[in-house]
1. Go through segment 376-415 and give me each residue that's in contact with a Ser or Thr (Cβ under 6 Å, 6 or more places away or on another chain) and buried (at least 18 other Cβ atoms within 10 Å of the Cβ).
2. Kindly indicate whether ALA124 is touching a Cys at 6+ places or on another chain (Cβ under 6 Å) and open to solvent by less than 10 Å² (accessible area, probe 1.4 Å).
3. Taking the residues in segment 170-183 that are part of a helix (DSSP H, G or I) and open to solvent by 10 Å² or more (accessible area, probe 1.4 Å) as candidates, determine which candidate is farthest from LEU121 (Cα to Cα).
4. Scan segment 333-345 and give yes if some residue there is closer than 28 Å to TRP485 by Cβ, in contact with a strand residue (DSSP E or B) (Cβ under 8 Å, 6 or more places away or on another chain) and open to solvent by less than 20 Å² (accessible area, probe 1.4 Å), otherwise no.
5. Would you list the helices (runs of 4 or more DSSP H) that sit entirely within segment 335-411 and hold 1 or more residues that are of a type outside the set (Ser, Thr, Tyr) and at pLDDT below 90?
6. Would you call GLY279 part of a loop (DSSP other than H, G, I, E, B) and either open to solvent by 30 Å² or more (accessible area, probe 1.4 Å) or not basic (Lys, Arg) (or both)?
7. List the pairs whose first member sits in segment 289-303 and is open to solvent by 30 Å² or more (accessible area, probe 1.4 Å), whose second member is basic (Lys, Arg), and whose Cβ atoms are under 8 Å apart, counting only residues at least 6 apart or on separate chains?
8. Tell me whether segment 304-318 contains one or more residues that are in a helix (DSSP H, G or I) and buried (at least 17 other Cβ atoms within 10 Å of the Cβ).
Amino acid sequence: MLLRFLRKLIDPVSEQPGGRRPDPQPPPSVRHARTHTASLVERGRALLARGDLAQARVALEQAIDLEAGLPEALILLGAVYAQQGETARARDRVEAALALSPDDPAARNALGNLLRIEGKLEQAIEHYRQAIAAAPRFASALSNCALCLQDLGQFDLAREYYLQALDAEPSDPTIATNLAGLLFDLGEFDRAIEFVDGVLARDPQLAQAHVTKALGLLRRGDFDRGWQEYEWRDRDAGRTQPSPGQYPLWNGESMRAGALLVCAEQGLGDQIMFASCFGDLSAQVADSIIECDPRLSALFARSFPRMRIYPHRKKNVEPWLGDGIKPAAKTWAGSLPVRFRRRREDFSARSPFLRADAAQIAAWRQRLQAQGPGLKVGISWRGGTPATRCATRSTALTDWAPILHLPAVQAVNLQYGNCRDELARSEQTLGVRIADWSDALSNYDQTAALVCALDLIVCVQTSVVHLAGALGRPAWVLVPRIAEWRYGDAGESMIWYPSVRLFRQHGEGWHGTIARIRSELMRLSDGTRPAHI
């Protein structure tokens, strides 16, 4: 999106009626140098658009070596660095472009993009708005601002920005697809389908539109069509997980000879969720190689003893080849549901499918009993990343005070990452101590054992939901008003895991949701309700 607008906004004079009087012509040698520099910039732009980052970087760095004060080249080079994961260098280049041209909307938009990558959404929005102030019909900045607002949960305002962007660029497929995704989130299914189908009518091969449609269909429970559309994710230009080896794709038929490689994809929670299909797979394929996050290796090996479990590849080294195993075919873990989860009935009786270590469970039960009487409840209050809407999925630990103050509840920390300061503040301000064992959280096999030893898990949308559900343990989940597709758009149950109960957010804030959970916990601890946990 960014590259489509750079040239127009860097040289707007040529588009103004009458323009301005051209500058005096420089000497021929200078004109030749500038022509060569301009050709390098154009070459870098074209290579970047094709995804050839290495050669784009060479061309743009050469252009800047010849003429340092080129905002356009600096912005383009910043985009290259950002896609290569060098965010700090990317910011240096874009900030250098802004220093040369402080009012350049393209540079503002580029800096906003980098800040969004870093999760600094409010700062990104400020730069997008400055770009829009300078160029009110700058569709890229309008659309990017809408994405940030959507990530922050400001859905109505995000819609306004998308509509302005679409008015500026009515035929832009990315804007229309992003707007369709927002409409799916808001439950406006028919209008979302209208937008995304309009995009696909113009470009039937646009993977992003197919994947957006897939998530909308899956949210509604249309698994047959949804999983078919989900297969397009492998062609999405934004996908960052390359498939290993030049093995043929599995056609879904039974394999009694040769090994099938199941390639890992996405995060911990996704890998656990897709693992629910491994039992179905083993009935069709005699020999399976399962690739997974290293943190899941021990848990998967215990739970799927008939399958060969390997951690993620490093530097494209395939560890199974070292064991003398050459796959006959490959598939993605996320492609298993299209074979085994086409109807609602296909989800029944599939959990639990993970198994924690029995000795570790017993050891954790002893540690928990030593804490005294009461329900032992594991809690996790933050989830996701800026790219996966952590702002709408997460809560503050202080929001949990009504639960933490229940005398019959002993809270146990299940929050990943460094949260010591939050725990300390909670103890100081709320007068509540939350049991915290870092050894359990740094080892996911230990986390699984702890989850099995607890009476209940109460958490936000995070990988702990998948872990508890896959182990068959009761989990109560705080689900935001706009939930991830896998949580569906209504109801208290989660089709993937029978032991998971959903507490959906109504209105703004989490006060009402926390209050409902507190009430349910009181009924459980009082024994006035059958303890289905």
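1. So the first thing to find is which residues in segment 376-415 are in contact with a Ser or Thr (Cβ under 6 Å, 6 or more places away or on another chain), and the list is 380-383, 397, 408, 414-415.
SER380, TRP381, ARG382, GLY383, LEU397, LEU414, GLN415 - these are the residues of segment 376-415 that are in contact with a Ser or Thr (Cβ under 6 Å, 6 or more places away or on another chain) and buried (at least 18 other Cβ atoms within 10 Å of the Cβ).
2. Values: touching a Cys at 6+ places or on another chain (Cβ under 6 Å): yes; open to solvent by less than 10 Å² (accessible area, probe 1.4 Å): yes.
It is true that ALA124 is touching a Cys at 6+ places or on another chain (Cβ under 6 Å) and open to solvent by less than 10 Å² (accessible area, probe 1.4 Å).
3. Filtering segment 170-183 for residues part of a helix (DSSP H, G or I) gives 173-183.
This time we only want the ones that are open to solvent by 10 Å² or more (accessible area, probe 1.4 Å), so: 173-174, 178, 181.
Values: PRO173: 24, THR174: 20, ASN178: 17, GLY181: 19 Å.
Filtering segment 170-183 for residues that are part of a helix (DSSP H, G or I) and open to solvent by 10 Å² or more (accessible area, probe 1.4 Å), the one farthest from LEU121 (Cα to Cα) comes out as PRO173.
4. Of all residues in segment 333-345, those closer than 28 Å to TRP485 by Cβ come to 333-345.
Cutting the leftovers down to in contact with a strand residue (DSSP E or B) (Cβ under 8 Å, 6 or more places away or on another chain) gives us 333, 336.
Checking the rest, the ones that are also open to solvent by less than 20 Å² (accessible area, probe 1.4 Å) come to 333, 336.
Yes: segment 333-345 contains one or more residues that are closer than 28 Å to TRP485 by Cβ, in contact with a strand residue (DSSP E or B) (Cβ under 8 Å, 6 or more places away or on another chain) and open to solvent by less than 20 Å² (accessible area, probe 1.4 Å).
5. Numbers: elements: 337-340, 358-369, 390-393, 401-404.
The qualifying helices (runs of 4 or more DSSP H) are 390-393.
6. Details: part of a loop (DSSP other than H, G, I, E, B): no; either open to solvent by 30 Å² or more (accessible area, probe 1.4 Å) or not basic (Lys, Arg) (or both): yes.
In short, no.
7. ARG302/ARG355
8. Initially, segment 304-318 is screened for residues in a helix (DSSP H, G or I), giving none.
Looking for residues that are in a helix (DSSP H, G or I) and buried (at least 17 other Cβ atoms within 10 Å of the Cβ), one finds none in segment 304-318, hence no.
The values are calculated or read from the model by the stated rules, or taken from the named source; none is laboratory data. Not measured: the values here are computed from a predicted model. All Cβ positions, even for glycine, are placed from backbone atoms using ideal geometry, and neighbour counts span all protein chains on display. Please note that ligands, DNA and RNA were not included when accessible areas were found on the heavy atoms of the full protein model with its side chains. Shrake-Rupley method; radii C 1.70, N 1.55, O 1.52, S 1.80 Å.
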